[in-house]
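The values are calculated or read from the model by the stated rules, or taken from the named source; none is laboratory data. From a predicted model like this one, the values you see are computed outputs, not experimental measurements. Cβ: placed from backbone, ideal geometry, glycine included. Neighbour counts: every protein chain shown.
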Amino acid sequence: MSQESRADILIVGGGAGGCAAAIAATALGKRVVLSEATDWIGGQFTAQAVPPDEHRHIEGLPHGCTLRYRQFRDDVRQYYRDHYPLTPAARADPALNPGKCWVSRLCIEPRIALAVLEQMMAQARSDGLLDLRLLRQPTAVAMAGDRALAVTLRHRETGAEEIVQADYILDATDLGDLLPLAGVEYVTGAESQAETGESHAVSGPAQPGNVQAFTWCYPVAYDPHGHHVIDRPAQYQRWSTYVPKLTPPWSGRLLDWTHPDPATLKPTRRVLFPREHPDPHRSLWLYRRMVCADLYPPDQAPHEVTLVNWPQNDYFAGNIIDQPPDVVERHLEEARQLSLSLLYWLQTEAPRPDGGAGYPGLYLRPDLVGTVDGLAKSPYIRESRRIRAEFTVTEQHIGAEIPGRLEAKQFDDAVGIACWHSIDLHPTTGGDNYVDINTLLFQIPLGALLPIRVKNVLPACKNLGVTHVTNGCYREHTIEWSIGEITGLLAAFCLDCSCLPRQVRSEEGRLRDFQHLLSKQGIELTWPRF
């Protein structure tokens with residue numbers, strides 16, 4: 001017999017959006033159950049091991065993220081100052097970047113993000129407002145017409161089931177797992193140009209199975225005097241000779257220093273370490289370095305660590321959305337094998353500038369990701385099921401390449417702001433190469449958070465009303481956080497006002513009241529003029 005419980009709000013998925021939703025909703029006094037499929041909350045930050053992708057305005061200006069996300073950033077830096085033997089200069093740096101990488105202004109270890117998120121939730125848990133349930137997978141949703149009543153969660157290790165009833169249910173899973181269970185209308189893959197009018201949508205019919213690559217990431221350290229070569233991966237022969245079949249064409253083998261530049265698609269040769277090329281942006285080591293020796297006294301300097309989330313271990317050989325379990329498991333294992341094969345290639349065969357081959361001093365850091373094998377707990381997912389929403393954001397609303405458009409579409413129902421430098425699409429399962437389109441400073445419209453039919457299930461991750469194209473910039477860490485925080489506040493607001501989310505959008509008075517609440521909670525609705 002399943003154990004039953006009740007909450008005001010159930011959040012399924014403990015990633016960036018799920019955590020932000022829980023923190024926000026409990027701040028308004030709501031009783032929340034937060035479930036997570038792994039044993040770590042944090043999603044992209046932690047279980048997927050990816051340091052935050054952040055936009056160019058995040059530092060130096062009081063704009064571009066919610067107040068709670070800024071608190072997260074500040075607390076991360078303070079954690080390093082309190083617990084790490086940094087140099088005085090590093091400790092005093094207000095813009096401390098623990099990895100000094102070039103893709104992020106806050107490149108951090110996954111377990112530090114975990115510690116800070118747990119700290120941010122501690123008071124709500126102590127007060128009995130937040131019930132965190134780890135290792136839970138949703139298996140069923142009980143419905144009554146257009147309303148979800150409860151979700152069945154199964155413990156991934158024991159198999160025990162529990163039923164959680166809630167007034168509002170937020171889907172913060174990376175793949176939108178609740179949508180099919182609840183019968184919420186959704187879209188997958190690439191829409192057609194005829195449907196969306198987007199210049200970068202696919203021609204011809206829609207391609208629901210054509211989704212972006214996912215990546216099984218891992219942190220790797222370097223011991224210049226060590227020999228840490230792993231056992232040859234079972235699928236090494238396949239991946240070491242694999243040539244992607246993409247349009248436009250890839251540059252050769254996947255496991256190679258040369259790959260297409262995402263913006264131009266011209267072959268670009270990378271190196272591992274910065275000493276091997278005068279342009280630091282050619283160094284994959286600096287790309288997502290999360291431990292930088294320069295920040296420590298020489299006698300306490302650790303081996304440096306970088307996060308391997310590179311073109312060479314993007315997995316686009318198969319789609320894992322709406323596939324049979326055995327197909328999903330096969331693709332997940334192949335992705336793991338690709339990532340291990342990349343490491344083995346780096347250790348043994350990768351050409352070095354000195355004419356040699358391999359960097360045997362590279363080694364995995366399982367302690368940083370909480371796993372036995374050193375790979376992240378779960379893959380880094382870029383594309384989800386997406387709700388059929390009351391409003392769908394398209395390329396025409398945010399793309400900088402739209403003729404005559406100098407600013408993104410301004411939405412009357414804006415509930416947040418967001419920024420990513422481009423619509424950033426990685427190679428896809430349908431054979432599309434990179435797409436990289438400049439964007440304008442954009443907003444999150446409330447209509448994109450509202451399913452067209454179901455009344456009380458809300459998206460709290462990358463499963464909102466965007467297209468395959470615009471998902472390419474609504475999927476980053478800071479934006480996923482904002483989506484989750486906004487939907488957490490929306491559910492709390494609707495509970496307090498005894499109204500439905502769609503009424504908040506359709507009734508001007510309620511919309512203005514909700515927008516006022518958002519502003520009071522530290523969420524900007526419009527970008528300033530720069």
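Of the conditions (1) modelled with pLDDT of 95 or more; (2) buried (at least 23 other Cβ atoms within 10 Å of the Cβ), residue 65 clears all except one; give me its number.
(1)
Identify, please: which residue in segment 215-242 is β-branched (Val, Ile, Thr) and surrounded by 13 or more Cβ atoms within 10 Å (Cβ to Cβ) and is, among those, nearest to residue 357 (Cα to Cα)? Can you show your working first?
Initial filter on segment 215-242 (β-branched (Val, Ile, Thr)): 215, 220, 229-230, 241.
Next, only the ones that are surrounded by 13 or more Cβ atoms within 10 Å (Cβ to Cβ) stay: 215, 220, 229-230.
Values: 215: 25, 220: 18, 229: 13, 230: 16 Å.
The qualifying residue nearest to residue 357 (Cα to Cα) is 229.
Need the failing condition index for residue 99 against (1) within 20 Å of residue 296 (Cα to Cα); (2) not in a loop (DSSP other than H, G, I, E, B), just the number.
So residue 99 meets the others, but not (2).
Which ranges mark the strands (runs of 3 or more DSSP E) fully within segment 371-439 that have 1 or more residues being in contact with a Phe, Trp or Tyr (Cβ under 6 Å, 6 or more places away or on another chain) and touching a residue at least 60 places away in the same chain (Cβ under 8 Å)? So that I can check it myself, show each step before the final result.
Details: elements: 414-418, 422-425, 435-438.
Output list reads 414-418.
List, please: which pairs have Cβ atoms under 8 Å, are six or more places apart or on different chains, and start with a residue in segment 496-513 that is within 20 Å of residue 30 (Cβ to Cβ) and among the acidic types (Asp, Glu) and end with one that is loosely packed, with under 15 Cβ neighbours inside 10 Å and modelled with pLDDT of 95 or more?
Close Cβ pairs (under 8 Å, with a partner that is loosely packed, with under 15 Cβ neighbours inside 10 Å and modelled with pLDDT of 95 or more) amount to 513/497.
Out of all the residues in segment 194-214, which are of a type in the set (S, T, N, Q) and crowded, with 16+ Cβ neighbours inside 10 Å?
Across segment 194-214, the qualifying residues are 196, 207, 210, 212.
Restricting to segment 311-343, and then to whatever is among the hydrophobic types (A, V, I, L, M, F, W, C) and either free of Cβ contacts under 8 Å to residues at least 12 places away in the same chain or part of a helix (DSSP H, G or I) (or both), can you tell me which residue is nearest to residue 215 (Cα to Cα)?
335
All but one of (1) within 28 Å of residue 4 (Cβ to Cβ); (2) surrounded by 17 or more Cβ atoms within 10 Å (Cβ to Cβ); (3) touching a strand residue (DSSP E or B) at 6+ places or on another chain (Cβ under 8 Å) hold for residue 49, so report the exception by its number.
(1)
Restricting attention to segment 113-122, does a residue exist that is assigned by TED's automatic domain parsing to the domain that holds residue 24, closer than 21 Å to residue 169 by Cα and in contact with a strand residue (DSSP E or B) (Cβ under 7 Å, 6 or more places away or on another chain)?
Yes, segment 113-122 contains a residue that is assigned by TED's automatic domain parsing to the domain that holds residue 24, closer than 21 Å to residue 169 by Cα and in contact with a strand residue (DSSP E or B) (Cβ under 7 Å, 6 or more places away or on another chain).
Among residues belonging to segment 369-407 that are surrounded by fewer than 22 Cβ atoms within 10 Å (Cβ to Cβ) and among the aliphatic types (A, V, I, L, M), point out the one that is farthest from residue 436 (Cα to Cα).
The qualifying residue farthest from residue 436 (Cα to Cα) is 372.
How many of the residues making up segment 74-104 are under 17 Å from the mean Cα position of the chain (by Cα) and either of a type in the set (Ser, Thr, Tyr) or surrounded by 20 or more Cβ atoms within 10 Å (Cβ to Cβ) (or both)?
Residues in segment 74-104 being under 17 Å from the mean Cα position of the chain (by Cα) and either of a type in the set (Ser, Thr, Tyr) or surrounded by 20 or more Cβ atoms within 10 Å (Cβ to Cβ) (or both): 1 in total.
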